[in-house]
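Below: one structure, written as structure tokens.
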């Protein structure tokens with residue numbers, strides 16, 4: 001039996017979303033969204049929900065790996081941290097504008113994931129397979145981000161242990177009870193509703209209250225980058 005309630009979990013997520021700390025905003029004026037991974041942990045006394053998010057920072061021209069988290073653990077109620085140089089590309093020139101464009105051969109380049117290099121020799125068809133229209137106005141950084149998200153797939157995210165260690169909570173005995181990259185997300189920065197109003201988070205909170213997240217979670221999902229691509233131009237408005 002757990003010592004927390006679904007209502008308390010939802011209230012915490014709502015506060016995190018409103019504070020833009022502990023609950024990621026897929027719409028961001030400075031970071032293009034690529035992919036996210038949600039993990040839920042618990043024991044009889046504590047719960048924690050983490051969000052690993054990979055994006056591209058248009059203000060500095062680098063890939064971004066952020067970890068948002070919300071919990072009822074004292075000192076770790078909400079926050080955001082990150083991992084430096086998890087995903088990089090070699091020989092990137094200076095940014096050409098504030099929206100992530102720069103002169104770069106997007107068909108032939110070397111990328112590094114967790115310090116392991118991969119040489120890419122691509123064709124426009126490879127971008128098409130990833131759902132990227134090279135005739136669209138998507139920036140260079142956005143194209144590379146979404147291509148690498150597609151090509152690296154599940155290798156994109158760090159192991160559970162590294163996520164918890166980065167947060168600084170790896171000494172607490174928590175069981176991983178849920179891990180998924182498809183769910184219905186919300187971002188109040190783009191006028192969306194609060195987490196407590198989303199069926200997915202209602203079901204997840206209920207599962208955690210019952211001592212396991214293995215409940216019938218809603219299957220609707222909007223976490224693919226194509227559902228948030230209109231936010232790429234947020235910084236221009």
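Observations
- Principal-axis analysis of the Cα atoms of the chain puts helix 199-209 at an angle of about 50° to the longest axis.
- Residue order, fewest to most surrounding Cβ atoms within 10 angstrom, among 80, 138: 80, 138
- Against the main long axis of the alpha-carbon atoms of the chain, helix 140-152 sits at an angle near 60°.
- Each of 149, 54 was scored by other Cβ atoms within 10 Å of its Cβ. Arranged with the fewest first, they read 149, 54.
- With helices as the sole contributors, the chain gives -6500 deg cm²/dmol at 222 nm; each DSSP H run of n ≥ 4 counts as -39500 (n - 2.57), and the sum is divided by every residue.
- Degrees, to the nearest 10: 6-19 long Cα axis against longest axis of the chain: 40 degrees
We did not get these values from a lab; they are worked out from the coordinates using the rules stated. Given the structure is predicted, the values throughout are model-derived calculations rather than measurements. Neighbour counts run over all protein chains shown; Cβ positions are idealised from the backbone, glycine included.
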